[in-house]
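The block underneath contains the structure these notes are about, expressed in structure tokens.
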Amino acid sequence: MASKRLFYHMIVLLGLIAQSGNAQNYPSKWTLEQCIDYALEHNIQLQQSVISKQEAEANYEQSRAGLWPTLSASTNQNVSWRPFSETTVNLNGGTFTTSQREVSYNGSYGINANWTVWNGGINHQNVKRSKLSTEIADQAVKETANTIQEQIIQYYVQILYQDEAVNVNKEILEGSKVQRNRAEVMVDVGSLAKADLAQMEAQVSQDTYNVVNSEVSLSTTKLQLKQLLELVTLENFDIVVPVIDDSKVLEPLPSVKDSYTLARGHRPEISEAELNVESAKLDVNIAKRGYYPTISLNAGVGSSNSSASDDAIFTQLKNNMNNSIGLSVSVPIFDGKQNKTNVVRAKLGEQSSILALENAEKELYADIESYWLNARNAQEQYVYAKSNLKSQEASYELLDAQFNVGLKNIAELITGKNNLIQAKQNVLQAKYTALLNIALLRFYEGFKMEL
């Protein structure tokens, strides 16, 4: 019994050690760079895009191999059994019919080669198209990686905003508790009505709710970022809060045109759209080549052997060997408008790809313009919000002092406090809106995703 208990404790201990070892693989707090690096390595959607790229590369290698002749070997082995075969025999001037079982064996062997010498150059064009497909798949991988990074920065900045909002709400709650406690003393000495104290208590309750609500929002956003990173086994997830000064929030912005020019040169969605246009043009070229004749060359070597022959098997193979070579030419004359329809479809596909490229360029410009405008507006709002916050803090301090000496009532004090709370929230919102849009704008321009 003791040995079983010892064995059980050892298993539990090993499990705890294993869990501890797995936990050490993750940082205690994640930086933005660590989040991005982990996602780019483990994200399932990105891995699926990589697999699609590998499939495109395999198709490219196959199209290249299609330029060369094909060679195949074949053999056919047959055994025949005739259980009721009859044979006529002459014996002593008489004729007799006997029944006997016959088993015969036949074998054939061959090597055949086929080569499409020329089919209007379609094979070579298919190689080019397959090469473009690999490049398109590569751009799709980059596009997926960019999307993941953009989602991560959005969650990350949202967490920073909510984390600071929690601290602000806690600070406000502590201030409300101090006022409530002071109001209790004032009620005891008769300088404040109990109705005013009740309003103080209600304010404390509201501020407590605000703290809890902001903490719930923070936990929810952390969970969303954790799920985006696919950290299924990690229980406690938190991020590093970087030091952010006004220089980052108020970073000078380039013009929309300059930002678009930089983004236009390397964004994968634009490159993918351009490659799709090239591929569509190749499709038109391939479709037109369907009118051309096809020339094929084939050759073969074969032989056979049979048990019915008295010759040795190698003698039979030598005597029965046959060689062949042939050239075939196929000229399309009437194909039910198949080639014509293929050309029309390919041209329509080319027009569609050109429109898709134009649409991608417009969407890119719209994204750049939105990020730029949001960043500039947030910077201006941040400057004003900080100035307004100083005014609201000074005003609230004066209201609080006047309330203590009976010059202001509780309604005026609460109104002043609400104005102060709104001023702090405006600063936070402008600050992190500017940070997010500046980071996205720089990322679109080709810089590393960072705050």
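The values are calculated or read from the model by the stated rules, or taken from the named source; none is laboratory data. None of these values were measured; they are calculated from a predicted model. Cβ atoms come from the backbone with ideal geometry, glycine included; neighbour counts cover every protein chain shown. Ligands, DNA and RNA are excluded from the accessible area calculation, which covers all protein heavy atoms including side chains. Shrake-Rupley method; radii C 1.70, N 1.55, O 1.52, S 1.80 Å.
Some observations on this one:
- Modelled FRET efficiency - R0 60 Å, K390 with T341, Cβ distances, 0.05 increments: 0.25
- Compared with the dominant Cα axis of the chain, that is its longest principal axis, helix 44-65 is turned about 30°.
- Helix 194-228 axis, angle to the chain major axis (alpha carbon atoms, nearest 10°): 20
- Taken over the Cα atoms of region 180-308, the convex hull encloses 472 Å³ per residue.
- Based on protein heavy atoms only, the chain ends up with 61 Å² per residue of surface accessible to a 1.4 Å probe.
- The H on the amide N of L192, modeled in the peptide plane, is under 5 Å from the matching H of V187, each at least 5 residues off or on a different chain.
- Full extension of the segment from E174 to S324, taken as 0.36 nm per residue of separation minus the current Cα-Cα distance, would add 44.2 nm.
- Per residue, the convex hull spanned by the Cα atoms of the chain measures out at 369 cubic angstrom.
- Counted over all Cα-Cα pairs of region 235-297, pairs farther apart than 17 Å make up 73 percent.
- Legend: residues W118, W30, W68, sorted from most to least accessible area (1.4 Å probe; ligands, DNA and RNA excluded), read W68, W118, W30.
- Sulfur and carbon atoms: percent of accessible area, the chain [1.4 Å]: 54
- Two-site FRET efficiency, E215 against S191, from Cβ-Cβ distance with R₀ of 22 Å, rounded to 0.05: 0.05
- Working note: Karplus 6.51/-1.76/1.60 with θ = phi - 60° gives region 293-309 the couplings x, 10, 10, 10, 10, 9, 8, x, 10, x, 7, 7, 9, 8, 6, 6, 8 Hz, where Gly and Pro are set to x.
- Among the lysines of region 120-279, pairs at least eight places apart or on separate chains and with Cα atoms under 28 Å apart come to 14.
- Under 19 Å from the E57 label point (7 Å along Cα→beta-carbon), backbone N, region 112-151: 127-146
- Accessible surface for D258 stands near 90 Å², nearest 10, in the context of the full protein assembly shown (1.4 Å probe).
- Principal axis box of region 122-171, alpha-carbon based, largest edge first, Å: 73, 8, 5
- Ranked by solvent-accessible area (1.4 Å probe, protein heavy atoms only, all chains present), the residues T261, T144 order from largest to smallest as T261, T144.
- Theoretical ellipticity at 222 nm over the chain - DSSP helices of four or more residues, -39500 (n - 2.57) apiece, nearest 500: -24000 deg cm²/dmol
- Label separation (T415 vs K29): 4.1 nm, computed from points 7 Å beyond Cα along the C-beta direction.
- Fully extended contour minus Cα-Cα distance, from N181 to V301, at 0.36 nm per residue: 32.6 nm
- Interatomic Cα distance distribution for region 249-346, bins of 5 angstrom, percent: 2, 9, 9, 8, 7, 7, 7, 7, 7, 7, 7, 6, 4, 3, 3, 2, 2, 1, 1, 0, 0
- Eigen-decomposition of the gyration tensor built on the alpha-carbon atoms of region 124-211 gives equivalent ellipsoid semi-axes of 64, 9, 5 angstrom, largest listed first.
- One Cα centroid belongs to region 140-208, the other to region 361-425; the line between them spans 15 Å.
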